[in-house]
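Structure, as structure tokens:
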Amino acid sequence: MDIVFVAVFATIALAVLFDFTNGFHDSANSTSTVIATRSLSPKVAVLVAAIFNFLPVFIVGTAVANTITKTVNLDTLPSVAEGAVPFGVRVTLAALLGAIFWNYFTWHRGLPSSSSHALIGGLVGAGLSAAGMSAINWEIMRDIVIAIFASPLVAFSIAIAAVLVIRLIQRIFKLDEDHVIFQVGQIASSCWVSWGHGSNDAQKTMGVVAATLFAGGYLQAVDAQHLEPPIWVIFGAHAAIALGTLYGGWSIISTLGFKITRVTRASGLGANIGAIVAIEGATNVGIPISTTQAVSSSIVGSGVGVRRLVHWRILVDMAIAWTLTMPAAAIVGFVVFKLTALTDPFSFIATGLAIVALIVYAIYLMRNAVSEKDIEAELPTEASLAVSGD
């Protein structure tokens, strides 16, 4: 049995699972506001979001994927004996286990944390476990950390500006909060947010798979800094994230759509505009940002901009989750890599048990998750939608 092939195959399977969790964990990014305002039904909203998650596969490049592949310096990792699983494969496997665990943990609790930062945290933890500080590309990490703080501020600020402009338009043309014009704008902007999510987040899985293939000897490149994902990886990543979105992350949809602030079609449009600017800006420069943070911050900005009640306690919980995401995923990645480094056959037994434990945990949470029916019960009545202003 080719152990390297088995390890690469298992890691790619985990990458697909991560991409699927990214889809349902972040499906709320584009669907929560249109669902909350009844602009689209829950089923239609997630279907439209899934389609627009997939469509970037035909146009968007791989700049973000290239950034992800450079997070860990694969060329600096220790070599192994012939026939043994390379350190690079072990690093990506450990990182994915950390990221998937955190995605399920926060999704079950309805916390819109970052799948992107979970993956990056897992890579950093596994890289440190494998080869210490020299394993991490700290220039890339500097750019990512800057984006962690910059993207929510950009989304928040743009959303405030957008809702103020929308309010001015309302006064000039005497339009209520849920006028059909804002419904159309909200749906269109929601599609754009889904496009941005697919174009930025799917590339993160592409980068991990490309790094795994290279480390395992299945992808040729000049070096680990110049990896191009194969076409089947590009299509597979977009398909997996789209299927995850279609599954629906109902618990986080509930949080973003109903628990932060009251969302109307007008304010929902403003929130989407803020998220779009932050996401597209990052994608164009190849920075893997948190689309969840961008959307959450823009929803807060839309509420602040029109002086609407914002439930800050929810935001405190979200901020705690954001703060813990990278360290928590890094700890899991660090520990799992140590399991893969045990002497044979203990490394395979321990790693296999870790994977099985994660799958059992995931199945349990998915069987006891918030459902579409729970979301429908939270939807506002037609009477409440008739209210214009606050």
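For the reader, a short list of remarks on this structure follows.
- Against the list (1) modelled with pLDDT under 85; (2) within 30 Å of Leu315 (Cα to Cα); (3) not aliphatic (A, V, I, L, M), the condition Ser151 fails is (1).
- Flag if Ile51 is surrounded by fewer than 24 Cβ atoms within 10 Å (Cβ to Cβ), in contact (Cβ under 8 Å) with a residue 24 or more places away in the chain and part of a helix (DSSP H, G or I): yes
- All of Phe20, Phe5 fail the test of being over 21 Å from Gly88 (Cβ atoms), of a type in the set (Phe, Trp, Tyr) and touching a residue at least 12 places away in the same chain (Cβ under 8 Å), apart from Phe20.
- Selection from the range 256-271 of residues that are of a type in the set (Gly, Ala, Ser) and closer than 9 Å to Gly303 by Cα: Ser267, Ala271
- Screening Ile146 on (1) part of a helix (DSSP H, G or I); (2) closer than 29 Å to Asp2 by Cα shows it passes everything except condition (2).
- In the range 238-266, the residues that are under 20 Å from Phe20 (Cβ atoms) and in contact (Cβ under 8 Å) with a residue 24 or more places away in the chain reach residues that are of a type in the set (Ser, Thr, Tyr) and surrounded by fewer than 24 Cβ atoms within 10 Å (Cβ to Cβ) with C-beta atoms within less than 7 angstrom, at least six apart or across chains, in these pairs: Trp250/Ser371.
- Only one of Gly257, Gly333 that is in a helix (DSSP H, G or I), modelled with pLDDT of 90 or more and more than 20 Å from Phe149 (Cβ to Cβ): Gly333
- Total residues in the range 116-140, condition hydroxyl-bearing (Ser, Thr, Tyr) and over 17 Å from Ile331 (Cβ atoms): 2
- Any hit, the range 105-122, residues being out of contact with any Gly (no Cβ under 6 Å at 6 or more places or on another chain), surrounded by fewer than 16 Cβ atoms within 10 Å (Cβ to Cβ) and among the aromatic types (Phe, Trp, Tyr): no
- Residue in the range 41-52 that is within 18 Å of Gly268 (Cα to Cα) and of a type outside the set (A, V, I, L, M, F, W, C) present: yes
- The residue of the range 250-290 that is surrounded by the fewest Cβ atoms within 10 Å (Cβ to Cβ), among those that are of a type in the set (Ser, Thr, Tyr) and more than 15 Å from His197 (Cα to Cα), is Ser254.
The values are calculated or read from the model by the stated rules, or taken from the named source; none is laboratory data. Note that the coordinates shown come from a computational prediction; the quantities given were computed from them, not determined experimentally. Cβ coordinates were reconstructed from backbone atoms using ideal geometry, including for glycine residues, and neighbour counts include every protein chain displayed.
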